[in-house]
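Below is one structure, written out as structure tokens; the observations come after it.
The values are calculated or read from the model by the stated rules, or taken from the named source; none is laboratory data. Here the structure is a predicted model, which means the values were calculated and not measured. Cβ sites come from the backbone with ideal geometry, for glycine too, and all protein chains shown count toward neighbours.
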Ligand SMILES: Cc1ncc(COP(=O)(O)O)c(C=O)c1O
């Protein structure tokens, strides 16, 4: 039986690849997991109450477009957080986690051709892997744009040649970024939206980590878009409860954007979507309406950033980021470092190359490891200390 050729070039997924690298060797000590971005702070305490209060609704098919209560809770949050006006009826769509939304948005919106050629989908490199798979699924051409120290760890799409930009249908962008924790400022968003207008493409802004930060809250793409009067149909923003509310298992996020664009997403979802069960939508509605649990979780991440800054003080390039919960640490070779760390200490981290692609300019993740600071403070402190002592001490 034949498989579609367009997925044959995909490398093995990061985590099976990591298992093949590490699990053929014994750990050097007690195992500490710092690989997956699976939040481990407690979820909010109202989860069970909301499920119990709506348990009867498991009997029914959920509304495809999300419950009105959830949509309103989301738009009220967008107003509080970013000061933006979004219509709960027409401009927001609850998702079964943002991963499926980021994928399905390309299915619904990426055209067959752009400027008479195969369309290009821009993705930062390194990046959250669904962007590239969405591009390949649409038979579009993923274009990997380095997001390195030289460009503030965000991709510089404005530096691409016009012949590439004219073929772009979709530009994925992640801020705060996974893995580097870089934050796009208002000026970055403004120039990206202007570029999208000039070259007629859409921006898919993955803002899953928007609530995990220190200092000033990261500005949002839609906030900037509304202030500059950008065409609302050019931009989709994606938000998630996975990181904000430690509810990765709830599978709940949303996408917001222009009316026609959201209508196109709803149309596809009518046929092929998997809406979130109503009791879980009730949990989500409550979570978007509550900031206390988010503030408490953020305070813990801030303590971990401070801990990382202390442990890696004076080691160049190793401080904690402004946002997100990963450290993106420079090493000689990411795979060799992950293996050495595992065999010496039992700490598991991810080689950066597993999150990035080889390009003509090299692989921008090759000389990095990604370290997830999701466990409790003591375990994170122990893991970080072992990483420092094993990889960064002479
Ligand atoms: C950058 C980024 N985007 C999207 C997601 C997907 O999140 P979810 O599907 O849980 O909302 C993740 C999850 O790790 C992520 O790191």
Task: Residue check for residue 308: surrounded by 14 or more Cβ atoms within 10 Å (Cβ to Cβ), part of a helix (DSSP H, G or I) and in the same structural domain as residue 180 (by the TED database) - done: no
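Yes or no, residue by residue, for (1) in the same structural domain as residue 179 (by the TED database); (2) surrounded by fewer than 16 Cβ atoms within 10 Å (Cβ to Cβ); (3) free of Cβ contacts under 8 Å to residues at least 12 places away in the same chain:
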| position | (1), (2), (3) |
| --- | --- |
| 2 | no, yes, yes |
| 23 | no, yes, yes |
| 26 | no, yes, no |
| 29 | no, yes, no |
| 33 | no, no, no |
TODO: Check the stretch 87-97 and report whether any residue there is touching a strand residue (DSSP E or B) at 6+ places or on another chain (Cβ under 6 Å) and within 11 Å of the ligand (Cβ to nearest atom).
DONE: yes
Task: Residue list for the stretch 311-323, filter: more than 15 Å from residue 369 (Cα to Cα) and either within 22 Å of the chain's Cα centre (by Cα) or not in a loop (DSSP other than H, G, I, E, B) (or both) - done: 311, 322, 323
Open item on the list: Residues that are away from the ligand (no atom under 11 Å from the Cβ), at pLDDT 95 or above and at negative phi: list the helices (runs of 4 or more DSSP H) wholly contained in the stretch 168-271 that include at least 2 such residues.
Closed with: 186-199, 221-228
- [ ] Scan the stretch 24-44 for residues that are at pLDDT below 95 and away from the ligand (no atom under 16 Å from the Cβ) and jot them down.
- [x] 42
TODO: Please specify each residue of the stretch 272-292 satisfying the condition of being in a helix (DSSP H, G or I) and within 24 Å of residue 211 (Cβ to Cβ).
DONE: 279, 280, 281, 282, 283, 284, 285, 286, 287, 288, 289, 292
Open item on the list: Every residue in the stretch 109-156 that is touching a helix residue (DSSP H, G or I) at 6+ places or on another chain (Cβ under 6 Å), assigned to a helix (DSSP H, G or I) and either within 16 Å of the ligand (Cβ to nearest atom) or free of Cβ contacts under 8 Å to residues at least 40 places away in the same chain (or both), please.
Closed with: 130, 134
TODO: Would you check if residue 308 is in contact (Cβ under 8 Å) with a residue 40 or more places away in the chain and under 30 Å from residue 109 (Cβ atoms)?
DONE: no
